[in-house]
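Trainee: I have a structure I would like to understand better, so I am pasting it below and will then ask my questions one at a time.
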């Protein structure tokens with residue numbers, strides 16, 4: 001019988017949650033790296049016991065961890081992230097030039113074919129890669145040094161490269177997103193990048209439909225349909241059908257189109273999940289109700305999923321890397337909150353139950369589907 | 001032997017207790033003590049000093065003998081009591097939240 005392993009990064013450590021394919025009864029292991037911020041934990045798709053974790057602290061900087069036994073033991077690996085060449089400047093919050101400074105790794109994306117190769121998205125926004133299992137990291141500078149790089153400005157969370165997607169049909173084809181710069185596509189495994197922001201509109205930049213400067217919060221891709229992407233932007237839920245060349249809004253009847261997460265049902269490419277958040281100044285769910293919204297038609301028409309989720313006095317947030325889907329049928333959907341709850345739905349979102357209720361604030365959720 | 005007191009998060013990272021003891025050749029300085037610490041405990045590389053510039057991380061302080069040595073030159077000799085091992089070199093995380 002299949003199993004699932006949910007990898008949870010929190011403000012004060014990592015947790016590993018495991019269950020059989022019924023996804024009803026859970027074992028909770030952790031905290032690992034207690035006291036440290038764990039922005040992301042992710043496993044290699046070709047060796048599911050190989051995990052990578054981004055461990056960081058405002059006091060002690062960036063540490064990288066690797067496990068070869070599914071998180072039973074960990075070893076520290078390389079933590080030197082140096083920008084290529086002499087970094088120029090990007091815009092600071094007030095528009096003034098500010099030097100690029102490495103702060104932390106937000107997101108890890110292991111290669112689809114080699115367990116020793118991993119892409120890492122950094123703050124200040126840059127793409128790094130290891131080919132030796134994390135021992136050494138080098139920048140792929142084509143993203144940071146693309147022509148608009150000097151105009152990028154940080155969002156409230158920092159100038160972060162938070163989304164890295166790899167096309168399963170063509171591993172050289174990748175997508176990345178930066179807050180607040182926008183979305184980018186590479187056709188050569190991350191060496192060069194093209195801006196793909198046509199159709200986005202953002203009122204926080206002088207030219208609302210400029211081709212850079214957008215605060216993209218998350219992008220999702222279904223492996224069977226890699227030209228169709230869904231985006232949760234600062235405001236607006238967007239869709240592209242041409243690999244990002246043009247985007248159109250699919251927010252439809254959502255109660256608010258601000259939010260962070262977006263993900264796609266692993267069995268149904270038109271079934272998409274978002275969690276609306278009240279606004280950019282009120283980072284909690286609207287009306288005290290924790291509701292996942294699902295479309296089954298690729299956008300515009302959304303239904304609230306509430307069974308098993310708190311529907312009064314709830315004021316949590318769900319951050320951009322804190323939703324994941326498994327590969328079972330029916331699809332399991334998972335998300336973690338700023339209140340430390342991790343919820344699971346074993347039936348594509350119809351019903352929900354907490355796996356755990358009282359972890360530290362959740363930063364990221366990933367899931368592995370195991371044989 | 002030089003005694004170095006580590007903050008809690010670095011104790012767990014290095015897998016050691018509150019105090020570690022180090023052999024340092026010659027007159028100990030901040031630089032030579034931290035070089036010896038990182039050589040003995042590689043997971044600590046980059047966590048106390050910036051990996052490239054070797055500058056002290058801004059939310060850490062260095063104390064010894066009831067003095068704040070944070071802004072001393074990294075090549076200045078440490079106090080004699082630290083060199084003799086009768087007083088520890090303390091690495092302190094700033095009080096800046098939980």
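FYI, it's all coordinate maths here, none of it is from the lab. Just so it is clear, the model here is predicted, and its values are computed rather than measured. Backbone-built Cβ (ideal geometry, glycine too); neighbour counts: all protein chains shown.
Trainee: Within region B:1-27, restricting attention to residues that are without any contact (Cβ under 8 Å) to a residue 60 or more places away in the chain, assigned to a loop (DSSP other than H, G, I, E, B) and away from chain A (no Cβ under 14 Å), which residue is nearest to residue B:80 (Cα to Cα)?
Mentor: The extreme case among them is B:27.
Trainee: So, one more: Would you be able to tell me the number of residues in region A:1-31 that are assigned to a loop (DSSP other than H, G, I, E, B) and either farther than 14 Å from residue A:360 by Cα or away from chain B (no Cβ under 14 Å) (or both)?
Mentor: Residues in region A:1-31 being assigned to a loop (DSSP other than H, G, I, E, B) and either farther than 14 Å from residue A:360 by Cα or away from chain B (no Cβ under 14 Å) (or both): 8 in total.
Trainee: Just give me the residues in region A:32-59 being without any contact (Cβ under 8 Å) to a residue 24 or more places away in the chain and either surrounded by fewer than 17 Cβ atoms within 10 Å (Cβ to Cβ) or assigned to a loop (DSSP other than H, G, I, E, B) (or both), in sequence order.
Mentor: A:34, A:35, A:49, A:58, A:59
Trainee: Would you confirm, using the coordinates I've provided, whether residue A:183 is touching a residue at least 40 places away in the same chain (Cβ under 8 Å), touching a strand residue (DSSP E or B) at 6+ places or on another chain (Cβ under 8 Å) and closer than 15 Å to residue A:128 by Cα?
Mentor: no
Trainee: Does any residue of region A:256-264 turn out to be part of a loop (DSSP other than H, G, I, E, B) and surrounded by fewer than 19 Cβ atoms within 10 Å (Cβ to Cβ)?
Mentor: yes
Trainee: Which condition number does residue B:61 fail, the rest of (1) out of contact with any strand residue (DSSP E or B) (no Cβ under 7 Å at 6 or more places or on another chain); (2) part of a strand (DSSP E or B) being met?
Mentor: Only one criterion in (1) out of contact with any strand residue (DSSP E or B) (no Cβ under 7 Å at 6 or more places or on another chain); (2) part of a strand (DSSP E or B) is unmet by residue B:61, namely (1).
Trainee: Exactly one of (1) more than 14 Å from chain A (Cβ to nearest Cβ); (2) assigned to a loop (DSSP other than H, G, I, E, B); (3) without any contact (Cβ under 8 Å) to a residue 40 or more places away in the chain; (4) surrounded by 15 or more Cβ atoms within 10 Å (Cβ to Cβ) is unmet by residue B:51. Its number?
Mentor: (1)
Trainee: Can you pull out every residue in region B:58-91 that is within 14 Å of chain A (Cβ to nearest Cβ), buried (at least 16 other Cβ atoms within 10 Å of the Cβ) and within 15 Å of residue B:34 (Cβ to Cβ)?
Mentor: Result: B:60, B:61, B:62, B:91.
Trainee: Scan region A:197-219 and give yes if some residue there is in contact with a strand residue (DSSP E or B) (Cβ under 7 Å, 6 or more places away or on another chain), within 19 Å of residue A:269 (Cα to Cα) and surrounded by 14 or more Cβ atoms within 10 Å (Cβ to Cβ), otherwise no.
Mentor: Yes; the residues of region A:197-219 include at least one that is in contact with a strand residue (DSSP E or B) (Cβ under 7 Å, 6 or more places away or on another chain), within 19 Å of residue A:269 (Cα to Cα) and surrounded by 14 or more Cβ atoms within 10 Å (Cβ to Cβ).
Trainee: Hey, any hits in region A:93-100 for a residue that's under 21 Å from the mean Cα position of the chain (by Cα) and part of a loop (DSSP other than H, G, I, E, B)?
Mentor: No, because not a single residue in region A:93-100 is under 21 Å from the mean Cα position of the chain (by Cα) and part of a loop (DSSP other than H, G, I, E, B).
Trainee: Against the condition touching a helix residue (DSSP H, G or I) at 6+ places or on another chain (Cβ under 8 Å) and within 23 Å of residue A:102 (Cα to Cα), how does residue B:55 come out, does it pass?
Mentor: no
Trainee: Hey, another quick one. Please specify each residue of region A:101-139 satisfying the condition of being without any contact (Cβ under 8 Å) to a residue 40 or more places away in the chain and either over 22 Å from residue A:9 (Cα atoms) or not in a strand (DSSP E or B) (or both).
Mentor: Our first condition is that a residue be without any contact (Cβ under 8 Å) to a residue 40 or more places away in the chain; within region A:101-139, this holds for A:101, A:116-117, A:123-124, A:131-132.
Those that are without any contact (Cβ under 8 Å) to a residue 40 or more places away in the chain and either over 22 Å from residue A:9 (Cα atoms) or not in a strand (DSSP E or B) (or both): A:101, A:116, A:117, A:124, A:131, A:132.
Trainee: If you don't mind, there's one more thing I want to ask. Can you tell me which residue is surrounded by the most Cβ atoms within 10 Å (Cβ to Cβ) among those in region B:33-47 that are in contact with a strand residue (DSSP E or B) (Cβ under 6 Å, 6 or more places away or on another chain) and within 12 Å of chain A (Cβ to nearest Cβ)?
Mentor: Among residues in region B:33-47 that are in contact with a strand residue (DSSP E or B) (Cβ under 6 Å, 6 or more places away or on another chain) and within 12 Å of chain A (Cβ to nearest Cβ), the one surrounded by the most Cβ atoms within 10 Å (Cβ to Cβ) is B:47.
Trainee: How many of the residues in region A:60-75 are over 23 Å from the mean Cα position of the chain (by Cα) and either in a strand (DSSP E or B) or at the interface with chain B (Cβ under 9 Å from one of its Cβ atoms) (or both)?
Mentor: The total comes to 2.
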